[in-house]
Amino acid sequence: MTGRIRASWRSVALMGPAAAVLGFLFLLPLVWFLVVSFYRVQLFQMIPDASLANYTKVLADYAGPIAFTAAIAAAIAAITTVLAFVVAHMIWARGGAFGAFLLGATLLTLFGGYLVKIYAWRTILGREGVINSTLVGLGLVKQPIDALLYSPTAVVLVLVSYLLPFAILPLYGALRAVDPVSIEAARDLGATPAGVLRDAVLPLCVPALATSFALCFLLTAGDFVTPRLVGGTQTFMMGNFIESQFGLRMNVPLGAAMTFTTLVTSVCVIGAAWAGLRHFLRAK
Amino acid sequence: MMAMKHGPHAFEPVLTGAMAMNGTPLVRLSGLAKDYGEVRAVHPLDLAFEDGDFLAILGPSGCGKTTLLRMLGGFVEPSAGRIEIAGQDVTALAPEKRPTNMVFQGYGLFPHMSVRQNIGYGLRLRGLPRAEVDARVEEMIALVRLEAFAARPPSALSGGQQQRVALARALIMKPKVLLLDEPFAALDLKLRQALQDELRALHRKTGGTFVFVTHDQTEAMALANRIVVMEKGRVVQVGSAEDIYLRPASHFVSTFVGEANFLAATRAGDTVAIAGAFSFHAPGAPGQVEVGIRPERVRLGAAAETAEHRFRGRITDRLFLGAQVQYTVALDGGAAFTAVSGDAALAAGQDIAVGWNGADQWVVAQ
Ligand SMILES: Nc1ncnc2c1ncn2[C@@H]1O[C@H](COP(=O)(O)OP(=O)(O)O)[C@@H](O)[C@H]1O
Ligand SMILES: [Mg+2]
């Protein structure tokens, strides 16, 4: 009896530091923003209030951008997760020198910074970039194609390449936990290699697939640098609008309301993706 | 049943099976071999067995048992030779296309499926109607007595229960050949014996051909009607439990399947002679040989007086084992013999008659 009580105290004490860090650095600011999102602004001053005006304005003016942000983030998260699974599966299934090389290359790309990657893509896709000068040099096009760079496609390319290693690592971890004997057993019971993937491998990767999707989705939905540097004039994502409310326009309550609306949308998309993965990859 | 070859000839590939019965055996391996780089895991071997056989592949760790079994299942590509099952050449077929199923040593259960889903997996893949799958799964669950655990995931089962799920999952496919790779090696002795009994009963009930890999000679003898003994990648003897225990084909087999006493001898013509003692008729290759005899066939004292071959000796050690007593006897010729006897009245230091009958001895190359 006393042992049980001591044990539970011990676990509380052990969780203490982590809970404190999470509380102070994450939950407290979040709660503060939630409160602020109901304030209003007068002459650049925040005035405590309990009005829904900010949310009404967000829904009226920013429903389009929120939907666009959710769509492009979902696309990027889906593409990244699928590609990451393919790479992780190659590392895991081939093993040996090739697998070690792929894993090493994956880890190495983590060293390059975020901005370095953006500028690398600008060098490839820009007016004077590798692709355009090749196309012009070969006489395939007369003018360099601007749409290569400043477009949603460029945002997708940049973010997918940036996020890929972050998605590969959890998926590789999940694959390594799959019992190789169960794979042989599935083959033995009549499964083709594709059937093995469907029945014995993917269902065990659902948590990692969902994690990878969520990670990529949230990092994309919160990004405002990539759309500004390679997105051109048509690609404005919620990160850009929110940033300008907090910065130039100094309307923190509206920015907070935009943040929360985006957050709720994100949670819904991620929840739906997770439920979908669980449903389609369940044991039948 | 074929008579086994003795002496050095036993190292040649051995062909067995009641070939006389209408021609083709169920499984026929010809020249089957496997090399891992420089290492020859399985030397070219010929082996045939019949429908309904319970075959044990017996040998020490690393002798190539698993490699041989995995070639049968389609998980290891042979370096040479062919595998025929029911007249069909399956050498190039993928595991899922073979009429075999395997019970793996590490179980290999699907952790995200319940016991029921695990057992029904193969039948669902065959596209059988749901109702039929369910009925056969319930039947199989009853057969391996897992009713109380059917809805649980494998992680909530004990080792013995997991092994029964693995067995049921393979058996439900009604394979022509069921392959089992040391399925009970990880379990404790009592459970192992219980599962051996169950497996024998299942073989009787379901029919079919079982190939069981083990390094434990008592397990092989308890289960199989036919035992294939392997040593360093070669088949060294094939036969019934009696064959390999009472008429082992080599020194290795003699000691691997039980305790053995040996006397050095020479063979010339068809006569084996033990220097200074006796000689007897035993055809085979001439040269240095050994005469073997099991400890429990060695008679001591009064019992030895009526034996065909008699020596004098002195008891140097006595070990009480409960049901039996193990005596170590120094023969007058110098050899040390072990004898196991129900007679506990003999004492160390005693001079005594030692004897055995010609039918209980065998001859192997030295
Ligand atoms: N995948 C492999 N690569 C290289 N050598 C192997 C491989 N599998 C088995 N061997 C070698 O082949 C021999 C036979 O192994 P195995 O068939 O597993 O023996 P057993 O099952 O009788 O213990 C051993 O010497 C082992 O080291
Ligand atoms: Mg083995």
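Values in this text are rule-based calculations from the coordinates and carry no lab data. From a predicted model like this one, the values you see are computed outputs, not experimental measurements. Don't worry about glycine lacking a Cβ; one is built from the backbone with ideal geometry, like all the others, and counts go over all protein chains shown.
Which of B:60, B:171, B:112 sits closest to the plus end of the dipole of chain B, meaning its Cα is farthest towards the positive end, when Lys and Arg get +1 and Asp and Glu get -1 on the C-beta?
B:112
Which three extents, in whole angstrom, do the alpha-carbon atoms of the protein assembly as shown cover along their principal axes, largest first?
Ordered largest first, the protein assembly as shown gives principal extents of 123, 78, 51 Å.
Lysines near residue B:34 by alpha-carbon distance under 25 Å, same-chain residues fewer than 8 away left out - which ones?
B:5, B:65, B:97, B:176, B:232
Please work out the Cα center distance from the stretch B:233-247 to the stretch A:92-161, rounded to the nearest Å.
With the stretch B:233-247 and the stretch A:92-161 each reduced to a Cα centre, they are spaced 66 Å.
Where both partners of a DSSP beta bridge lie in chain B, what percent of those bridges are antiparallel, to the nearest 5?
75 percent
Report the Cα-based extents of the stretch B:278-366 along its three principal axes, largest first, to the nearest Å.
41, 25, 24
Filter the chymotrypsin sites (Phe, Trp or Tyr not before Pro) in the stretch A:110-154 down to the DSSP loop ones having no more than 13 other Cβ atoms within 10 Å, then list what survives.
Sites meeting the loop and neighbour criteria: A:111.
Mind checking which aspartates and glutamates have their C-alpha under 17 Å from residue A:142, skipping anything on the same chain fewer than 8 residues away?
A:128
Compare the Cα positions of B:341, B:83, B:316 along the charge dipole of chain B (+1 at Cβ of Lys, Arg; -1 at Cβ of Asp, Glu; about the Cα centre) and return the one farthest towards the positive end.
B:83
What list do you get for B:281, B:43 if you sort them by fewest beta carbons within 10 Å?
B:281, B:43
In whole Hz, with x marking every Gly and Pro, tabulate ³J(HN,Hα) for the stretch B:307-316 from phi via Karplus 6.51 cos²θ - 1.76 cosθ + 1.60, θ = phi - 60°.
Taking θ as phi minus 60°, the curve returns 6, 5, 10, 10, 10, 10, x, 10, 6, 9 Hz for the stretch B:307-316.
Please list the non-local residues whose amide H lies under 5 Å from the amide H of residue B:231, H modeled 1.01 Å from N, same-chain partners needing a gap of 5 or more.
Answer set, sorted by chain and number: B:236.
Amide H to amide H, which residues 5 or more places from residue A:40 or on other chains are under 5 Å from it, using H placed in the peptide plane?
When sequence neighbours closer than 5 places are left aside, the close amide H contacts are A:47, A:49.
Which value results for Rg/Rh of chain B when Rg is the Cα radius of gyration and Rh the Kirkwood radius based on the inverse mean 1/r?
When Rh is taken as the Kirkwood radius, the ratio is 1.05.
Could you check what % of the DSSP bridge pairs in the protein assembly as shown are antiparallel, to the nearest 5?
75 percent
Rounded to the nearest 500, what is chain B's calculated 222 nm mean residue ellipticity when only DSSP H runs of at least 4 contribute -39500 (n - 2.57) each, over all residues?
So the calculated ellipticity at 222 nm is -7000 deg cm²/dmol.
Averaged over its residues, how many other protein chain Cβ atoms are within 10 Å of peptide A:192-203's Cβ atoms?
Per residue, the number of nearby Cβ atoms from other chains is 2 on average.
Could you work out, residue by residue across B:94-102, how many beta carbons of other chains sit within 10 Å of that residue's beta carbon, and then give the average as an integer?
Per-residue shielding by partner chains comes out at 4.
Can you find, among B:275, A:64, A:139, the residue farthest towards the positive end of the dipole of the protein assembly as shown? Put +1 on the C-beta of Lys and Arg, -1 on that of Asp and Glu.
Final value for the positive-end residue is A:64.
Output the Kirkwood hydrodynamic radius of the stretch A:195-267, Cα pairs only, in Å rounded to one decimal.
Over the stretch A:195-267, the inverse of the mean reciprocal pair distance is 14.3 Å.
Semi-axes of chain A's equivalent ellipsoid from the Cα gyration tensor, sqrt of 5 times each eigenvalue, largest first, rounded to whole Å?
For chain A, the ellipsoid semi-axes come out as 36, 33, 18 Å.
Tell me, what ³J(HN,Hα) does each residue in the stretch B:32-43 have, in order and in whole Hz, if you take phi through Karplus 6.51 cos²θ - 1.76 cosθ + 1.60 with θ = phi - 60° and put x for Gly and Pro?
In residue order, the calculated couplings are 5, 8, 9, 10, 9, x, 7, 7, 8, 6, 10, 6 Hz.
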